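Everything below concerns the one structure shown next.
Please treat every number below as a calculation from the coordinates, not as lab data. Since the structure is predicted, the reported quantities are computational estimates derived from the model, not experimental observations. All Cβ positions, glycine included, derive from the backbone under ideal geometry; neighbour counts span all protein chains shown.
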Amino acid sequence: MEKFEKMTAIAAPMPLINIDTDMIIPKQFLKTIKRSGLGVSAFHEMRYHMDGTENPEFVLNQDAYRNANILVAGDNFGCGSSREHAPWALLDFGVRCVISTSFADIFYNNCFKNGILPVIVTDEELNLLMQDAEKGSNARMVIDLESQLIKTSDGQIINFDVDQHRKHCLINGLDDIGLTMEKVASIDMFEKQMATNAPWV
Amino acid sequence: MAPKTLYDKIWDAHVAHQGDDGTCLLYIDRHLVHEVTSPQAFEGLRMSGRKVRAPEKTIAVPDHNVPTTLDRLKGIDNEESRIQVEALDKNAREFGVVYYPVDDIRQGIVHIIGPEQGWTLPGMTIVCGDSHTATHGAFGALAHGIGTSEVEHVLATQTLIQKKSKNMRVEITGKLSKGVTAKDITLAVIGETGTAGGTGYVIEYCGEAIRSLSMEGRMTICNMAIEGGARAGLIAPDEITFNYCEGRPNAPTGRLWNAAVKYWRTLFSDDKAHFDKTITLKGEDIAPVVTWGTSPEDVLPITAIVPAAKDFNGGKVNAAQRSLDYMGLTPGTPLQDVEIDAVFIGSCTNGRIEDLRAAAEIVKGKKVQDGLIAMVVPGSGLVRLQAEEEGLAEIFKQAGFEWRLAGCSMCLGMNPDQLGPQVRCASTSNRNFEGRQGRGSRTHLMSPAMAAAAAVTGKLTDVRELM
Ligand code: SF4
């Protein structure tokens, strides 16, 4: 997993609530057996017309936002299906950070596993960041995970919370499986106890 | 000892390791696997030279991509779908996990066959790379969806890194009125809480109306916990649960069965257990409902009218307008005047035998309206078989429904069962998101009986008028 350090990047505004994972990556793209290559299909139905041409109204099709690496989005981002293809598609597009007032649990979790930082802010903070994102490509936001802060293009600072274990893994690009393997003795022991306590399992 | 909720009890019984910051390694008793969210996980194992730690606790089945037409054993036309199913086939055999291939009568939707085969039992932890894993909570098992990275983690370690969720209690008191089913309850709850209302919680459903449901109904309830934002839904096990489990192929027998039941009887929330949030609905107040929009929270009684965007507040105003445009609905129209083009009866929400019985009861001796696309897709090969033995298949066929083989089918249309743009569908599935059943298609969620009623009249219909 790629490390997440400090980034200065363009943020795209998506002021819609309940952006679900079907919207982020529709089902026809779930047939891949790879993790990469989904970026061109991210937000497919909003991004392209039926005939495959771009919908110029969609934010990521506007020149100012084609290279956005941050999304600022409405409440309950990532709800619906557990498909990890959603963060894979965002990552492949180049998104490393999503800011919203709330996220669906599974999506939130999946982000961390893929080097994407989901940041939860208050309603007022989201309004402020949304306005900042609307300024286009000259307005770059700073996301500083180490110090847990966002700096708007005009220098306003917003602090955010993040689980320390997840922060540690993200900053160091650590893979969960490797970390868990170090605790294999606990798992062995647990299985032994289970064999006595609940042999029917 | 401090009083515990059902969730607390199952959680505590599965913590294999606890870190200083409260992060736990939760031991997983059953891992269900399907073809869409697993290929990258198996590939990860292969690349790092890891094995599946507990193949005998890992159950794989293809369901999302499989065609449901009778000729499906001839193979899958769509190349990507075929590759995905073949990848599962190869991975299941190579890693030695329990496997139900397409040509096995026991094949079906992963959340239907887990319980059917007795893999799902009370008190267990169950995960699957699929958000509707919540279904298994109906047995008093802690069951939730995970992402593909976590699938790989569970395959390799049989554990999941987890922080505990909060406890929420949803109580449905009293009795249900005529024509009201488990699907109406679960939709009504989401209408009440919103799709984010359960975020961060595990929901325990309780109350007289829940207790009197069959296992099939309870599974329908828990299936949609995720649509309310909760990762998992739970219902405490009781005699109904034990009766369902007894004799299933992978359920314990004899002395082990008795020991298991003795333990399962301890799985309930203690009297004074703490819930962070409680919601109570009266069973009598719940009507047969349908959704009008593109979020499962857009729920209304069938007797209502299409709302206007201005009826809502905040971010929902724009979202509601977008939904109305997408769904092609005019505010003020009675829902019962909305004409439909298609009917889908199936999915892990409502593809079990009881669902098919309820639908068959309504269509018996009647005809599907001319020109409608109408299909019944049983949740598993065994449900299909049973429905044929009970004569339900014949009822559906005579009414004009297509009678299909088991799979996810038009719940999400990854296989050829898709709807065209603007096609309006009465569906027993669980998601009405934009494009869910096919690009531009319009989904109204409802119970099997309500979908059957819609098939007969060609409109969204109050099933009570046909009873
Ligand atoms: S039936 Fe639908 S919701 Fe259930 S597992 Fe299949 S696609 Fe998912």
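Of note:
- Estimated from the Cβ-Cβ distance and a Förster radius of 25 angstrom, the FRET efficiency linking A:Asp161 and A:Lys3 is about 0.75.
- Global form of segment A:1-93, assessed from the alpha-carbon gyration tensor, a/c cut-off 1.5: rounded
- Cα-projected label distance for A:Glu191 with B:Val15, points at 7 Å along beta-carbon direction, nm: 2.2 nm
- Using R0 = 30 Å, the C-beta based FRET efficiency linking B:Leu256 and B:Glu388 works out to 0.35.
- For the options A:Met14, A:Met181, A:Met130, a Gaussian network treatment of chain A with springs between C-alpha atoms closer than 10 Å singles out A:Met181 as fluctuating the most.
- Across segment A:113-127, rounded Karplus estimates of 3J(HN,Hα) from the backbone phi angles (6.51 cos²θ - 1.76 cosθ + 1.60, θ = phi - 60°) give 6, 10, x, 9, 9, x, 10, 9, 10, 7, 4, 5, 5, 5, 4 Hz, Gly and Pro being marked x.
- Residues whose placed amide H lies under 5 Å from that of B:Ala232, excluding near-sequence neighbours: B:Ile203
- At R0 = 25 Å, FRET efficiency that the Cβ-Cβ distance of A:Lys183 and B:Tyr263 yields, to 0.05: 0.45
- Per-residue Cβ neighbour rank within 10 angstrom, fewest leading, A:Asp22, B:Asp8: B:Asp8, A:Asp22
- Projected area, mean over directions - chain B, Cα convex hull, nm²: 22.2 nm²
- Here the residues B:Cys408, B:Cys206, ranked from fewest to most Cβ neighbours within 10 Å of their Cβ, fall in the order B:Cys206, B:Cys408.
- Contact order normalised by residue count of segment B:1-130, Cα under 8 Å, 6+ apart, percent: 33 percent
- Label-to-label distance, nm, for residues given as A:Met50 and B:Asp238 (7 Å Cα→Cβ offset): 5.1 nm
- Peptide A:72-82 has a mean shielding of 6, counted as Cβ atoms of other protein chains within 10 Å of each residue's Cβ.
- Above-threshold pairs, the threshold being 31 Å between Cα atoms, out of A:Lys27/B:Lys163; B:Lys282/B:Lys459; A:Lys183/B:Lys277; A:Lys183/B:Lys9; A:Lys135/B:Lys277: A:Lys183/B:Lys277; A:Lys135/B:Lys277
- For segment A:130-146, 3J(HN,Hα) per residue [Karplus equation, 6.51 cos²θ - 1.76 cosθ + 1.60, θ = phi - 60°, Hz, x = Gly/Pro]: 4, 4, 5, 5, 5, 6, x, 6, 7, 8, 9, 9, 10, 10, 10, 6, 3
- Projected onto its three principal axes, the C-alpha set of segment B:1-158 covers 60, 35, 22 Å, listed from the longest axis down.
- Residue-by-residue Karplus 3J(HN,Hα) for segment B:88-105, coefficients 6.51, -1.76, 1.60, Hz, glycine and proline x: 5, 4, 5, 5, 4, 6, 5, 8, x, 8, 5, 9, 10, x, 4, 8, 8, 4
- Considering only B:Tyr205, B:Trp257, B:Ser323, the residue lying farthest towards the positive end of the dipole of chain B is B:Trp257, judged by Cα position with unit charges set on Cβ.
- Quotient of C-alpha Rg and 2.2 N^0.38 Å, computed over chain A: 1.15
- Chain B, relative contact order in percent, only Cα pairs under 8 angstrom and at least six apart counted: 17 percent
- Fewest-first sequence of A:Tyr108, B:Tyr263 by Cβ atoms within 10 Å of each Cβ: B:Tyr263, A:Tyr108
- Computed [θ] at 222 nm, deg cm²/dmol, the protein assembly as shown (DSSP H ≥ 4; -39,500 (n - 2.57); rounded to nearest 500): -9000 deg cm²/dmol
- Overall form of segment B:102-192: oblate. Here a/c, set by the Cα gyration tensor axes a ≥ b ≥ c, is 1.5 or more, and a/b is not larger than b/c.
- With 5 Å bins from 0: P(r) over segment B:210-289, alpha-carbon pairs, percent: 3, 11, 17, 21, 21, 14, 8, 5, 1, 0
- Cut-off under 5 Å, modelled amide H: who pairs with A:Tyr48 long-range: A:Asn55
- Comparing A:Ala89, A:Met194, B:Gly435 along the charge dipole axis of the protein assembly as shown, the residue lying farthest to the positive side is A:Met194, per the Cβ-charge model.
- Once the chain from B:Lys166 to B:Arg106 is taken as fully extended at 0.36 nm per residue, the excess over their C-alpha distance is 18.0 nm.
- Remark: the A:Val40-A:Asn67 segment gains 8.5 nm on full extension, using 0.36 nm per residue and subtracting the alpha carbon distance.
- Distance-filtered residues of segment A:100-142 - backbone nitrogen under 20 Å, label point 7 angstrom along A:Asp154 Cα→Cβ: A:122-142
- Legend: mean number of C-beta atoms from other chains within 10 angstrom of residue C-beta atoms, peptide A:100-108, equals 5.
- At full extension, B:Thr330 and B:Ser214 could sit 38.0 nm farther apart than now, given 0.36 nm per residue minus the alpha carbon distance.
- Counting only residues at least eight positions apart within a chain, or on another chain, the aspartates and glutamates with an alpha carbon under 18 Å from that of B:Lys316 are A:Asp20, A:Asp75, A:Asp123, A:Glu124, B:Glu192, B:Glu227, B:Glu297, B:Asp298, B:Asp325, B:Glu434.
- Computed label-point distance, nm, for sites B:Arg50 and B:Lys90 using a 7 Å Cα→Cβ extension: 2.1 nm
- Cα gyration tensor category, rounded, prolate or oblate, for the protein assembly as shown with a/c compared to 1.5: rounded
- Less than 5 angstrom separates the built amide H of B:Gly440 from those of B:Gly435, all sequence-distant by 5 or more or on a different chain.
- For chain B, a simple Cβ point-charge model (Lys and Arg +1, Asp and Glu -1, everything else neutral) yields a dipole of about 520 debye relative to the Cα centre.
- Shielding value for B:397-404 is 0, the average number of Cβ atoms from other chains within 10 Å of each residue's Cβ.
- Here is the result for segment B:46-81: no GluC sites (Glu not before Pro) lie in DSSP coil with at most 12 other C-beta atoms within 10 angstrom of their C-beta.
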